[in-house]
Amino acid sequence: MNNLIEKRWSPRAFEDKAIEKEKLDEIFTAAGTAPSAFNAQPWRFIVGNKFQNKSVYEQIFSTLAPANKVWAENAPVLVLTVSEIVSSYNGKLNSTAEYDLGASTAYLSLQALELDVYVHQMSGFDTAMARDIFNIPEEMKPLSVIALGYLGDKNILPEALAEKESSKRVRKSLNEVVMIDGF
Ligand SMILES: Cc1cc2nc3c(=O)[nH]c(=O)nc-3n(C[C@H](O)[C@H](O)[C@H](O)COP(=O)(O)O)c2cc1C
């Protein structure tokens, strides 16, 4: 397996250290190289940086579900992802806008890890609140918040979460997901 894919996991303990601007630029550039239907590139990223634009960071943080707030406060960067679900090109629904955003966040995650920056994606956030705070228009859909940062010491976490940091990654077996001849 590819080394970065093997290395990737979603931590909750992040170091209290800024991510260099050059690294962030590289991470978002990589996200933008993902494939998308008709090359529409529907992904958008609102970046809240604790060390740079704390107010945006706090606005994104305020939308998180309480269980995510417990650990996400450690991350130096929180990104609100948004996808353009109505095409600005022809005004029609883009049925793959969410699929494409997912591809770009996968690229983002692996590029980040190449630079030792870890990623933890979250769907546990208030989409209506995010829409309101950032004036997100109807044609766009907020889809996730992504925490980014250098790996931190798990002992900064409450005990139950600290334990999860070293738990084994569980995955379905190949024959559960690769369907030889349909369902
Ligand atoms: C779209 C999406 C939403 C997720 N939402 C949350 C979340 O709200 N809170 C959380 O702690 N983890 C969340 N996760 C992380 C998953 O729980 C995690 O990726 C999964 O358990 C596999 O673990 P791994 O990433 O460490 O391999 C989310 C992941 C994805 C891709």
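Select from the range 20-35 the residues that are assigned to a helix (DSSP H, G or I) and of a type in the set (Gly, Ala, Ser) and write down the one among them that is surrounded by the fewest Cβ atoms within 10 Å (Cβ to Cβ). Give the derivation first.
The initial filter retains those residues of the range 20-35 that are assigned to a helix (DSSP H, G or I), namely 21-31.
Now restrict to residues that are of a type in the set (Gly, Ala, Ser): 30-31.
Details: ALA30: 18, ALA31: 25.
Filtering the range 20-35 for residues that are assigned to a helix (DSSP H, G or I) and of a type in the set (Gly, Ala, Ser), the one surrounded by the fewest Cβ atoms within 10 Å (Cβ to Cβ) comes out as ALA30.
A quick yes/no check of all residues on (1) among the aliphatic types (A, V, I, L, M); (2) more than 15 Å from the ligand (Cβ to nearest atom); (3) surrounded by 15 or more Cβ atoms within 10 Å (Cβ to Cβ); (4) modelled with pLDDT under 95:
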| site | (1), (2), (3), (4) |
| --- | --- |
| LEU115 | yes, yes, yes, no |
| GLN121 | no, no, yes, no |
| ILE133 | yes, yes, yes, no |
| PRO137 | no, yes, no, no |
| MET140 | yes, yes, yes, no |
| LEU143 | yes, no, yes, no |
| ALA147 | yes, no, yes, no |
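Check ALA13, ALA18 and return the single one that is away from the ligand (no atom under 15 Å from the Cβ) and closer than 14 Å to TYR118 by Cα. I'd like the intermediate steps shown before the answer.
Working: ALA13 fails: away from the ligand (no atom under 15 Å from the Cβ).
Checking each option against the conditions leaves just ALA18.
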Residues that are among the charged types (D, E, K, R) and part of a helix (DSSP H, G or I), drawn from the range 145-161: LYS154, GLU159
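Evaluate the following for SER87: is it open to solvent by less than 30 Å² (accessible area, probe 1.4 Å) and among the small types (Gly, Ala, Ser)?
Numbers: open to solvent by less than 30 Å² (accessible area, probe 1.4 Å): yes; among the small types (Gly, Ala, Ser): yes.
Yes.
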Within the range 60-84, considering residues that are of a type in the set (A, V, I, L, M) and in contact with a His (Cβ under 9 Å, 6 or more places away or on another chain), the one surrounded by the most Cβ atoms within 10 Å (Cβ to Cβ): ALA75
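Test of understanding: among LYS164, LYS172, which residue is open to solvent by 40 Å² or more (accessible area, probe 1.4 Å), assigned to a loop (DSSP other than H, G, I, E, B) and farther than 22 Å from PHE28 by Cα?
Sole residue among the options that is open to solvent by 40 Å² or more (accessible area, probe 1.4 Å), assigned to a loop (DSSP other than H, G, I, E, B) and farther than 22 Å from PHE28 by Cα: LYS172.
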Extreme residue, nearest to the ligand (Cβ to nearest atom), among residues of the range 36-81 that are under 25 Å from ASP153 (Cα atoms) and among the basic types (Lys, Arg): LYS69
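The values are calculated or read from the model by the stated rules, or taken from the named source; none is laboratory data. Please read these numbers as outputs of a predicted model, since none were measured by experiment. Using ideal geometry, Cβ is built from the backbone for each residue, glycine included, and neighbour counts are taken over all protein chains shown. We work out accessible area using only protein heavy atoms, side chains counted, and drop any ligands, DNA or RNA first. Shrake-Rupley method; radii C 1.70, N 1.55, O 1.52, S 1.80 Å.
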